[in-house]
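Q: Input: one structure, supplied below.
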Amino acid sequence: MRAAVIERYGEPPVLRQRDEPNADGANLVEVTAAPLNPVDLSIATGKFYAGSPPTPYVPGGEGVGRPLQSGKPGPRVYFRAALPDGSLAERALISSGQTVPIPDSVPDACSERLPFRWPDCSAPAG
């Protein structure tokens, strides 16, 4: 699968092929949108106060996608991803209880930042 990979702290991610994450005890999600936020950027510098994963790793702590159920995509969800297999990839790992269903009426661009942008996306236009 394709993924944005941090190979060295402080450098931009490199788009490359990478093995799918091992879903041992978790589920795979087919990622449709993934934001980068200040925490992701701080982690990528290697100076995040809570530590950073060993390199190489796939950044991204959240996203929108469709959990793969029996190899087929399920309903859209907002999810939290766990490093080192973050959301800036075609597929990411999710744990049960780490997803929120997304209505089809809400676009991915709003859903990816659900905790922060829900008021923007749910307000009537105009």
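Q: State whether one or more residues within the range 3-21 are over 17 Å from the mean Cα position of the chain (by Cα), at pLDDT below 90 and in a loop (DSSP other than H, G, I, E, B).
A: No.
Q: Okay, moving on. Which of the residues spanning the range 21-36 are of a type outside the set (A, V, I, L, M) and more than 17 Å from Gly74 (Cβ to Cβ)?
A: Residues satisfying the conditions are Pro21, Asn22, Asp24, Gly25, Pro35.
Q: A further question on this structure: Which numbered condition in (1) of a type in the set (A, V, I, L, M, F, W, C); (2) closer than 15 Å to Ser111 by Cβ; (3) within 12 Å of the chain's Cα centre (by Cα); (4) surrounded by fewer than 19 Cβ atoms within 10 Å (Cβ to Cβ) is the only one that Leu36 fails?
A: (2)
The values are calculated or read from the model by the stated rules, or taken from the named source; none is laboratory data. Please read these numbers as outputs of a predicted model, since none were measured by experiment. Every residue, glycine as well, gets a Cβ built from its backbone with ideal geometry; the counts of neighbours run over all protein chains shown.
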